[in-house]
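Readers should treat all values here as calculations from the given coordinates under stated rules, not as data from a laboratory. None of these values were measured; they are calculated from a predicted model. Backbone-built Cβ (ideal geometry, glycine too); neighbour counts: all protein chains shown.
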2 protein chains.
Amino acid sequence: MPLRAHRPLPLATPAGVEVLTKILTQGPIPRVEIARRTGLSQAAVTKAVAPLIDAGFVTDQAAAPVEADSQLGIGRPVSPLTVVPSSVSVIGVKVTPTSLIGVTTDFTAGILNIRHEELDDTDPEVVIDRLAAHVKALIGSLKSGTAVAGPLAGIGIAVSGDVDAAHGVVRDSPLMGWRGVPVAELLGERVRVPIVVSNDVRALTVAEHWFGVGVNADSFAVVTIGSGIGCGLYINGEVVSGAYGVSGELGHLPLAPGDLVCTCGRRGCVETVASSDAILSRTRETTGRADLDLAGAIKLAHEGNEQAREAFDRAGEVIGSALAAMVNLVGPELVVIAGEGVAEYDLYEDRMRRAFAEHAFGAAGDCRLMLRSHTFDDWARGAAATVIRSYVRGEPPLHR
Amino acid sequence: MPLRAHRPLPLATPAGVEVLTKILTQGPIPRVEIARRTGLSQAAVTKAVAPLIDAGFVTDQAAAPVEADSQLGIGRPVSPLTVVPSSVSVIGVKVTPTSLIGVTTDFTAGILNIRHEELDDTDPEVVIDRLAAHVKALIGSLKSGTAVAGPLAGIGIAVSGDVDAAHGVVRDSPLMGWRGVPVAELLGERVRVPIVVSNDVRALTVAEHWFGVGVNADSFAVVTIGSGIGCGLYINGEVVSGAYGVSGELGHLPLAPGDLVCTCGRRGCVETVASSDAILSRTRETTGRADLDLAGAIKLAHEGNEQAREAFDRAGEVIGSALAAMVNLVGPELVVIAGEGVAEYDLYEDRMRRAFAEHAFGAAGDCRLMLRSHTFDDWARGAAATVIRSYVRGEPPLHR
């Protein structure tokens, strides 16, 4: 059984957490550079690092051999610190109405195993039972792996909608049809390890912040386009979580005409026009072809069908306006647009960029829009990243 | 001449800046509590504080006598630290198309003097000449005061629009009719002290963050309603400044119908319906009374005139939607709505709150909307607060 037992990190102070965070997200990094970036003394950095090295979470032994001649390198790293990836294991699962997508990762959110499973029922009790079995199978894959897996830091669950992460409750997930589902409690009765429940887009943003595009950006937004439209924000050194647990609800800005009702019950939401379901409905309606699926609608639009193109144009227009609204408010350095259906970008990208340029205010429009493909495994990795963050920060686990 | 010469703060490290910030914004505060809140060691706090006390910026001598019997108080402050307000003087000026509003303040942004002056020309050269004279008069008021004024830390200038604070340039201020005006450079040729140029709403938010409602809030928004509609955001421990200098442009979210052109040249901006000018134009148009002024429109609406009420209703509706959009994106704990015309709140408050409730997503709607009156002197004090922040942080002055 090569899965070691859970153990907390030896971090006594906020400074220790800061130091480990720097090593994890910016390593390999020398002690002196950590001191410079955190404003801590070198003595304080060394003091925080020592127990982490002793416990095997961090190492200053470079994987690659370092040249002996140190006269060459001005600014050459001196015993740079890195985390030991295999010192910690993590599980992340993205829950959708039709599937569970799970991954196991190491301490740096590097994916070890992937496990997909279909769901045919969104009833919370049914889903949680399936989720518990799914998690147990992932734990099994850690135990049966050839390499020794680090102790399991916890399980991250990502769900779309309004999630109360502090209590592990999905308060309102229109896509799942869930209201007030205490996921951490229900899952914790079945699997006794620490559980972190997050909004899925926020989880993705944590992953980008610690292990992705955000490592080198002072601020950024991740916008996800697909069956829902979400947005994660990283501003002023932290992912924006919202004082009441809600933030980044780009899909529910009231920017669309008020005649359509959203899945959330409100009128005028961006998603009423720009979600993939909305695009499909519109194309079915205007072409009179009730049998179309999304792939069919995309194909029609690519063939130049005017009605199908109009549905994508409408979506692009509203997404562009929504991006401008977000950028006008928070002014990020960079926006990563992570779409599930990258194949359809060409159908709305021009219109989206034009609407963005029309409504972006002044220099806010200098913000770069990066389009990027994106898989369901990325969502699950995001869920794992939330556990890593929670573990490093020593946040009290919800259930174990 | 009781204005002492300029001198930098004795702050050698980022930790020192953090310690002074805590004393300034949360004092009186004991050293042990600063250590707890910053994660620094008590030794580090004591080391940072000593030169500040020596130089007279900070004191641990309580103004009020402390009881000798220390057995009573669990958690009683032990030699709490406060800044010495008179150790620093600051000037803040808000520039509007029709007036200069200047204040002098102490180190805690407490107002010492106020000076208002009318403008009859918005030509940049003319305004900067008048501004230089205005600032010199404010410096004179510091010199001639009965009490000794602390050394002048600098001059803060607040202007609406897109301001490049890093270079002291007003890039685009539709209200002033300014584009690319290098305010810091032009003013710096005339008055040789450090200058900080800021977007006016951002300056107000700095003041709220350090000396107002923000001291006890983890996140908040300040929304200003009047001739323009602006928004300052405080999230994750800092005022949001925008990677390209633009943020909080609530008045330029594309939430209004696209048939009206905004002062900024774009279509569909919130301000096309909700600024005081927009309300007045609409009332003039629908009542056919081209001679109305804003006071007259407010009076008509209060008397129940349907056309006038409709103009305020439209404004309230769009402002409420804009607040919901902002809250859905960033989820602040609290929104302070600071209006120039608090007398007209009753005309749109109901409609605004209703639109907000309709479009706020899930728990984001728990955010409290606080309506508060607000004077031009508050803007000027905000400009002074930006100087205090810049001075404490040891940011290089633009001109001196």
| field | Positive-end residue of B:G228, B:G242, B:A384, charge dipole of chain B with Cβ unit charges | value | B:A384
| Among A:P85, A:P14, A:P151: highest mean-square fluctuation, GNM of chain A, C-alpha pairs under 10 Å | A:P14
| Taking R0 as 60 Å, what's the FRET efficiency between A:E125 and A:R353 from their Cβ-Cβ distance, rounded to 0.05? | 0.85
| query | Taking a label point 7 Å from the Cα of A:S99 along the Cα→Cβ vector, which residues of segment A:168-204 have an amide N closer than 18 Å to it? | reply | A:175-176, A:200-201, A:204
| query | What residue among A:V191, A:L112, A:V84 has its Cα farthest toward the positive end of the dipole of chain A, where the charges are +1 on Lys, Arg and -1 on Asp, Glu, each on the Cβ? | reply | A:V84
| message | Pick from A:T96, A:T104, A:T13 the residue whose mean-square fluctuation is largest in a GNM of chain A, springs joining Cα atoms under 10 Å. | response | A:T13
| task | Would you kindly work out, in nm and rounded to one decimal, the distances from the label point of B:G296 to those of the same position in each other copy, ordered shortest first, with label points 7 Å along Cα-to-Cβ? | result | 6.2
| Which angle between 0 and 90 degrees, to the nearest 10, do you get for helix A:345-359 versus the longest principal axis of chain A when only C-alpha atoms count? | 90
| Size of the dipole of segment A:227-312 about the Cα centre, Lys and Arg at +1 and Asp and Glu at -1 on the beta carbon, nothing else charged, in debye to 20? | 80
| query | Could you work out the helix-only [θ] at 222 nm for chain A, with each DSSP H run of four or more residues adding -39,500 (n - 2.57) and the total divided by the number of residues, to the nearest 500 deg cm²/dmol? | reply | -12500 deg cm²/dmol
| query | To the nearest 10 degrees, how steeply does helix B:200-211 sit against the main Cα axis of chain B, on a 0 to 90 scale? | reply | 40
| With springs only between Cα atoms under 10 Å, which of A:G168, A:G154, A:G177 fluctuates most in a Gaussian network model of chain A? | A:G177
| For the Cα atoms of chain B, what angle does the longest principal axis make with the long axis of helix B:276-287, in degrees from 0 to 90, nearest 10? | 20
| said: Averaged over its residues, how many other protein chain Cβ atoms are within 10 Å of peptide B:362-369's Cβ atoms? | reply: 6
| Quick one: A:C264, A:C231, fewest Cβ neighbours within 10 Å first, how do they rank? | A:C264, A:C231
| note | Scoring only Lys, Arg, Asp and Glu (+1, +1, -1, -1) among other residues with Cβ under 10 Å from the Cβ of A:A364 yields -3
| query | For the residue pair A:R190 and B:A290, what label-to-label distance in nm results when each label sits 7 Å from Cα along the Cα-to-beta-carbon direction? | reply | 7.3
| For A:E395, which inter-copy label distances result when the label point lies 7 Å beyond Cα on the Cα-to-Cβ vector, reported in nm to one decimal and in ascending order? | 3.0
| query | Counting other Cβ atoms within 10 Å, which trypsin sites (Lys or Arg not before Pro) in segment A:178-239 have at most 16 and lie in a DSSP loop? | reply | A:R192
| said: Just to check I understand the Karplus step: with θ = phi - 60° and J = 6.51 cos²θ - 1.76 cosθ + 1.60, what whole-Hz values come out for segment B:56-61, glycine and proline as x? | reply: x, 7, 10, 9, 10, 8
| remark: For B:K22, the aspartates and glutamates lying under 13 Å Cα to Cα, once residues fewer than eight places off in the same chain are dropped, come out as B:E33
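Give me B:E118, B:E395 sorted ascending by neighbouring Cβ count inside 10 Å, so fewest comes first.
Taking fewest neighbouring Cβ atoms as first place, the list is B:E118, B:E395.
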| note | The answer for GluC sites (Glu not before Pro) in segment A:204-271 that fall in a DSSP coil and have at most 12 neighbouring Cβ atoms within 10 Å is none
| In chain B, what % of DSSP beta bridges are antiparallel (nearest 5)? | 55
| task | Starting from the amide H of B:I337, placed 1.01 Å from N in the peptide plane, find each other amide H under 5 Å away whose residue is 5 or more places distant or on another chain. | result | B:V223, B:M370, B:L371, B:R372
| field | Residue-by-residue Karplus 3J(HN,Hα) for segment A:230-242, coefficients 6.51, -1.76, 1.60, Hz, glycine and proline x | value | x, 8, x, 10, 10, 9, 6, x, 7, 5, 6, 9, x
| field | Sorted by Cβ density within 10 Å, fewest first, the residues B:I157, A:I34 | value | A:I34, B:I157
| task | Determine which lysines satisfy two conditions relative to A:K136: a Cα distance under 24 Å, and not lying fewer than 8 residues away in the same chain. | result | A:K94
| query | In debye, nearest 20: dipole of segment B:215-374 around its Cα centre with unit charges on the Cβ of K, R (+) and D, E (-)? | reply | 160
| task | Taking 7 Å along the Cα-to-C-beta vector as the label spot, tell me the A:A12-B:R267 distance in nanometres, rounded to one decimal. | result | 6.5
| query | Given +1 on the Cβ of Lys and Arg, -1 on the Cβ of Asp and Glu, and no further charges, what dipole in debye does the protein assembly as shown carry about its Cα centre, rounded to the nearest 20? | reply | 2500
| note | The chain A residue whose Cβ lies closest to the rotation axis carrying chain A onto chain B, with that distance rounded to whole Å, is A:N236, 2
| request: Would you kindly work out, in nm and rounded to one decimal, the distances from the label point of B:A12 to those of the same position in each other copy, ordered shortest first, with label points 7 Å along Cα-to-Cβ? | output: 2.4
| remark: Note to self: C-alpha centroids of segment A:131-181 and segment B:309-341 sit apart, in Å, by 37
| Inter-chain shielding of A:253-259 (mean C-beta neighbours from other protein chains, 10 Å cut-off) | 5
| Residue-wise, which Karplus ³J(HN,Hα) couplings in Hz belong to segment A:36-44, taking 6.51 cos²θ - 1.76 cosθ + 1.60, θ = phi - 60°, and x for glycine or proline? | 5, 6, 9, x, 7, 6, 5, 4, 5
| Interchain or long-range residues, amide H under 5 Å from B:L255's placed H | B:V270
